[in-house]
Structure formats: structure tokens, C-alpha cells
Amino acid sequence: MPVTDLTRTRPDADLEMIRAAAREAGELAMRYFRRDPQVWMKAGNSPVTEGDLAVDKLLRDRLSAARPDYGWLSEETADSPERLSAARTFVVDPIDGTRGFIAGSDEWCVSVAIVEAGRPVAGVLDCPAKAEVYAARAGGGAVCNGKAIAVREAEGELRVGGPKALIEAMPERQRSRFVGVPYIPSLAYRLAMVASGRIDATFIKANSHDWDLAAADLILAEAGGMVLDRQGETPFYARRETRHGTLVAGSGSLLGEMARSIRDMEN
């Protein structure tokens, strides 16, 4: 499809395309899950399994064949500046939550987004070990297993995830209402939990990447929440720099207070 035809691509068609690819990828990942896959350590002491690499190849083969003019950005593929000239870009994490995947936790997912002009326009998190599929397209709402989801109205006790140091930097009047959230190895899945109202908000430590965030960001946004940086702005994706500073995710006045907290802590 030539680049000039991109504006005529139906949004639903792109969403269904990535949903189908993510489902197939999730099925492939399950062949390695809890079966002692081979593991290597990447730069930064980050693990990658043979499952990650197999899923990455499957997704790139399927998606690039379907949309050859879309750029490609994946955690497990060497980055190329060629993607910067594409009008739309696939942003992929073959297995988000690899450490949990290795440990046998079911909190991991295949994350696939399509980004245009720096923001996701379609996103899917396929979580096969939990039999959950989250999906959204810009302006179309967010669903889990086909049912609409929405953030929870923050009242009473607040379930807030993220690094302890960031939580403890919050004002005491807010922090005193917080209830601890167990560690969730997949950042994308943690954001899906915010989107579906199971937790109220989360802090996101610095150095997350586009592939950790893009699909989940859209799902959260379509469920009534937001991801914000320390300036209170939404992050952009598929640009030259793929890493992000400290972020917060949630909704309502709580989200604003969290954004102010990370701004004050880092000034």
C-alpha cells in the first residue's frame, strides 16, 4: 500500500489485523511458557528468551507483509532509522514481562500498537496465560475480551502500583489512603489493570521504552485514563528516542497529584 493511501485505511481493519497477529503470537509464546525456554542476557542485564525471538519473527513476518509501508520498532529487532520516514509504525514488544514469563508468572502479554504522528491509533495486549485480550483504537473505546472497560473512580482506599520510592514521595494526605499492589512484572499489563479499574493508578520508573507503553497507553486513554510525564504531557512514540523518563498513569485528580509529585521530586 503506498504511503499516500494510508489515510484511506479503515481503522477497524488495522485493529483487526494486529489483533489476529497478536493472538497467533500469543499461541506461539505459550509453547515456550513454563517449558524452560533458553534464556540469554542482553545489554543492561535484561533477559530475552527463545520465545521472545520466535514471537518477534512471527509478528514481523505477518505485519510487515500486510502493511509493507509501515515502520517497524520492536524490543527484539535492531532499530533502523528507516522507520522514521514512515507515516505509521508498528511498535511491538513480543513478550512484555519477560522476567515474569521466565519465572512462570501469568502476568505477561504480547503488545502490538500502530503509531501515527507520535501517538498510538490502534493497540492490542494479548495475555494468553490469563485468557485476556485488551484492544482499542483511537476514538473507539477500549475492551477486554470484547467487553467495554473503564477506569475506576478514585475514592476511598486507592490501589497504586509502582516503585516504592515514587509512592513514598507523594504527599502524606494522599499516601495515607494507598493500598499496596503486588509486583506486576509486565508494565503493559499493569496499565491494563488501571484501564480495567482493578487498580487506580501506577508510577512508571524512568527508562521504560515505546514498546512497553504504546499499546497500553491507547487502551488506558480509551478507558478514560492517561499516561503523563513530569510536565503533565502525554508521551510520544516511534520517534528517534524511544526511552522515557518517569511517568504516571491513572485518571482524575489523583493522576494530576502524581504528575506533580514526580515533577517536584526531579526538580
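The values are calculated or read from the model by the stated rules, or taken from the named source; none is laboratory data. None of the values given here were measured: they were computed from a predicted structure. Ideal geometry is used to build each Cβ from the backbone, glycine not excepted, and the neighbour counts take in all protein chains shown. Just the protein is used for accessible areas: all its heavy atoms, side chains included, with ligands, DNA and RNA removed. Shrake-Rupley method; radii C 1.70, N 1.55, O 1.52, S 1.80 Å.
The table below lists the values:
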read-out	value
Candidate lysines - alpha carbon under 23 Å from LYS42, same-chain residues fewer than 8 apart omitted	LYS57, LYS205
Convex hull (Cα only) mean projected area of the range 62-121, reported in nm² to one decimal	4.8 nm²
Label-reachable residues, the range 93-133, where backbone N falls under 11 Å from a point 7 Å from GLU27's Cα toward its Cβ	none
P(r), alpha carbons of the chain - 5 Å bins starting at zero, rounded %	1, 6, 14, 18, 19, 17, 13, 7, 3, 1, 0
Length-normalised contact order of the chain in % [C-alpha pairs under 8 Å, at least 6 apart]	17 percent
Under-5 Å amide H pairs with GLY141, H placed in peptide plane, nonlocal only	none
When the range 140-267 is reduced to its Cα atoms, the Kirkwood hydrodynamic radius in Å	14.5 Å
Over the range 75-118, relative contact order from alpha-carbon pairs under 8 Å, at least 6 apart, %	40 percent
Rule-of-thumb Rg ratio for the range 89-130 [Cα; 2.2 N^0.38 Å; N residues]	1.29
Additional length obtainable on full extension of the chain from LYS130 to PHE236, 0.36 nm per residue less Cα span	35.3 nm
Efficiency of FRET between ARG198 and SER80 - r from beta-carbon atoms, R0 30 angstrom, step 0.05	0.20
Computed magnitude of the charge dipole of the chain (debye, nearest 20; Cβ of K, R +1, Cβ of D, E -1)	200 debye
Tensor-based shape of the range 111-203 (alpha-carbon gyration tensor, a/c under 1.5 rounded, otherwise prolate or oblate)	prolate
Candidate residues ASP212, ASP106: accessible-area rank, largest first, probe 1.4 Å	ASP106, ASP212
Cysteines having no other Cys beta carbon under 4.7 Å from their own, within the chain	CYS144
Accessible area per residue in Å² at 1.4 Å probe, computed on the range 134-267	44 Å²
FRET efficiency, ASP61 to GLU153 (Cβ-Cβ, R0 30 Å, nearest 0.05)	0.10
Distance in nm between pseudo-label sites at ALA43 and ARG173 (7 Å out along the Cβ direction from Cα)	4.6 nm
For the range 1-156, the spread of Cα positions along each principal axis, largest first, Å	46, 45, 27
